[in-house]
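A.B. asks: The structure's right below; bear with me while I get my questions together.
What follows is calculated from the coordinates using simple rules that are stated; it is not laboratory data. What you see is a predicted model, and the numbers here were worked out from it, not measured in a lab. Glycine also receives a Cβ, built like all others from the backbone with ideal geometry; neighbour counts cover every protein chain displayed.
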């Protein structure tokens, strides 16, 4: 229900075909996994009520982003692109949420 009322984040996710082209000719590969990825993104103060849901224990207002929110993938990609901007700009790494 929340996703139908949410203004969509238009931050583009990279195309897999573009990422594969960047990997062409690379000799060294590794993969990193961000522990509790979406949970590293805080929901802004005053906005937690927008993601609130009711449980048998009462109303829960999350303070961090979670799976199932329509903007989670784009928001997480934007955050990782920002954090890793330097190495990404030098083509040392690629980021895919």
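A.B. asks: Could you check segment 83-94 and list, in sequence order, the residues that are without any contact (Cβ under 8 Å) to a residue 60 or more places away in the chain and either within 24 Å of residue 10 (Cβ to Cβ) or touching a helix residue (DSSP H, G or I) at 6+ places or on another chain (Cβ under 8 Å) (or both)? Explain how you work it out, then say what you get.
C.D. replies: At the first step, the residues of segment 83-94 found to be without any contact (Cβ under 8 Å) to a residue 60 or more places away in the chain are 83-90, 92-93.
Answer for segment 83-94, where residues must be without any contact (Cβ under 8 Å) to a residue 60 or more places away in the chain and either within 24 Å of residue 10 (Cβ to Cβ) or touching a helix residue (DSSP H, G or I) at 6+ places or on another chain (Cβ under 8 Å) (or both): 83, 84, 85, 88, 89, 93.
A.B. asks: Also, quick follow-up: Checking residue 80 against (1) within 17 Å of the chain's Cα centre (by Cα); (2) in a loop (DSSP other than H, G, I, E, B); (3) without any contact (Cβ under 8 Å) to a residue 60 or more places away in the chain, only one condition comes out false. Which one?
C.D. replies: (2)
A.B. asks: Which residue pairs have Cβ atoms closer than 8 Å, lie 6 or more positions apart in sequence or on different chains, and pair a first residue in segment 23-38 that is surrounded by 10 or more Cβ atoms within 10 Å (Cβ to Cβ) with a second residue that is assigned to a helix (DSSP H, G or I)?
C.D. replies: If the second residue must be assigned to a helix (DSSP H, G or I), the pairs left are 34/40; 34/80; 37/76; 38/72; 38/76.
A.B. asks: Find all pairs meeting these conditions: Cβ atoms under 8 angstrom apart; at least six residues apart or on different chains; first residue within segment 40-64 and free of Cβ contacts under 8 Å to residues at least 60 places away in the same chain; second residue part of a strand (DSSP E or B) and surrounded by fewer than 10 Cβ atoms within 10 Å (Cβ to Cβ).
C.D. replies: As it stands, the answer is 52/59; 53/59; 60/54, since those pairs meet every condition given.
A.B. asks: Now a separate question. Could you figure out which of (1) under 25 Å from residue 88 (Cβ atoms); (2) within 15 Å of the chain's Cα centre (by Cα); (3) surrounded by 10 or more Cβ atoms within 10 Å (Cβ to Cβ) isn't true of residue 66?
C.D. replies: (1)
A.B. asks: Could you list, in sequence order, all residues of segment 39-61 that are under 21 Å from residue 80 (Cα atoms) and surrounded by 14 or more Cβ atoms within 10 Å (Cβ to Cβ)?
C.D. replies: The answer is 39, 40, 41, 43.
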